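The values are calculated or read from the model by the stated rules, or taken from the named source; none is laboratory data. A quick note: this is a predicted structure, and the numbers were derived from the prediction, not measured. Here Cβ is always computed from backbone atoms with ideal geometry, including for glycine, and neighbour counts include all displayed protein chains.
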Amino acid sequence: MTTAQHKIGSGFDATSTADDVLQGVDLSGKLAVVTGGYSGIGLETTRALTRVGARVVVPARRPADAREALDGVPGVEVDELDLGDLESVRGFAERFLATGRTVDFVINSAGIMACPETRVGPGWEAQFAINHLGHFALVNRLWPVLEPGGARVVSVSSGGHHMSGIRWDDLHWKEGYDKWQAYGQAKSANVLFAVHLDRFAGDSSVRTFALHPGVIITPLLRHVAEEEKVALGWFDEKGNLRNPEFFKNPRQGAATQVWAATSPQLDGLGGLYLEDCDVAEPAPADGEMRGVKDWAIDPEQAARLWEVSAELTGVERVRRVARVRSVRAPRTRPFPDSPTSWVMRC
């Protein structure tokens with residue numbers, strides 16, 4: 001099957017940092033919205049963008065914590081946003097729209113991983129709701145200020161999407177909740193969102209990407225118990241990393257999303273899944289946790305998820321512009337039932 005998922009030879013790799021990919025770039029006068037921009041790789045993303053002149057708006061569920069984490073970082077604004085609360089999403093978007101500014105980059109970096117079974121809103125499974133539906137509503141509500149400047153919309157997915165495609169018969173895990181597979185579904189949703197938004201934007205200059213940032217030790221792991229980290233082989237019993245070369249540091253973890261948002265190497269491209277600061281290849285048949293699974297880039301599933309998300313959230317501002325971009329992608333294949341093979345690539 002034809003796919004655009006092939007490396008372009010960016011010159012960067014897994015060791016590149018956010019500062020590396022921004023070397024020689026001047027973002028003066030540019031405005032970015034970075035969800036989760038005060039913690040983990042989101043914080044490093046904010047710092048890197050501001051160092052090259054960008055102004056960054058950081059929506060935060062805990063604004064006081066965000067202001068403390070960002071103290072001393074120039075060119076940053078903090079506002080309140082809870083991605084698990086659609087009224088909070090609406091409130092943030094309305095406040096931003098009232099400023100009359102356009103947005104050059106949206107980086108959807110906030111998220112939760114492998115949390116205990118949690119319900120938000122009208123009983124939605126929290127990982128799907130926060131990682132996907134909240135960002136879906138946010139981007140749609142911000143659309144009037146994204147389209148004029150030809151913004152790039154970047155969704156931070158994960159190699160965890162290998163674990164699960166979309167569970168169409170039980171999106172919200174009403175039966176048999178599995179925290180890792182629920183995370184996998186949410187991360188597949190992030191990729192499918194980028195695929196369909198890029199097509200749906202038609203002749204507008206908005207382009208979208210999804211990505212795997214790498215494996216990084218950040219607060220995202222807050223729900224993973226220490227004994228589980230040992231069992232997964234990440235740490236030994238003394239709390240030391242078993243294989244330090246396997247992990248990226250936060251500056252390296254921020255690199256791919258910064259590259260996705262700003263690199264001229266991606267001009268004319270969109271709807272792609274990236275990893276290690278390059279376009280990812282299709283996932284290999286041997287099951288190794290790299291590349292992108294067919295089910296995450298299937299345009300039919302992407303369109304179906306868009307319609308479901310619009311119905312669930314009641315928000316759909318992105319309209320067809322002249323024509324839908326033509327994208328061909330592989331058909332989906334069944335996904336595995338066991339989390340054991342993918343967890344090390346979350």
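When region 154-170 is examined, which residues are found to be touching a helix residue (DSSP H, G or I) at 6+ places or on another chain (Cβ under 8 Å) and either assigned to a loop (DSSP other than H, G, I, E, B) or charged (D, E, K, R) (or both)? Hits for region 154-170 are SER157, SER158, SER164, GLY165, ILE166, ARG167, TRP168. ALA129 meets the conditions (1) over 23 Å from VAL191 (Cα atoms); (2) crowded, with 17+ Cβ neighbours inside 10 Å in every case but one. The failed one is (1).
Inside region 175-205, residues that are assigned to a loop (DSSP other than H, G, I, E, B), of a type outside the set (A, V, I, L, M, F, W, C) and either within 17 Å of ALA110 (Cα to Cα) or at pLDDT below 95 (or both) make up a count of 7. Could you go through region 280-290 and let me know if any residue there is free of Cβ contacts under 8 Å to residues at least 40 places away in the same chain and either closer than 18 Å to SER157 by Cα or basic (Lys, Arg) (or both). Yes, the conditions are met somewhere in region 280-290.
Of all residues in region 110-148, those that are among the small types (Gly, Ala, Ser), in a helix (DSSP H, G or I) and in contact with a His (Cβ under 9 Å, 6 or more places away or on another chain) total 1. Restricting attention to region 147-163, the residues that are surrounded by fewer than 24 Cβ atoms within 10 Å (Cβ to Cβ) and free of Cβ contacts under 8 Å to residues at least 60 places away in the same chain total 3. Find the residue count for region 104-136, including only residues that are modelled with pLDDT under 95 and charged (D, E, K, R). Looking only at that region, the number is 1. Put simply, of VAL52, VAL106, VAL73 the only residue that is within 21 Å of VAL145 (Cα to Cα) and crowded, with 16+ Cβ neighbours inside 10 Å is VAL106.
Among the residues in region 32-48, are any buried (at least 18 other Cβ atoms within 10 Å of the Cβ), of a type outside the set (A, V, I, L, M) and over 24 Å from MET113 (Cα atoms)? No: zero hits.
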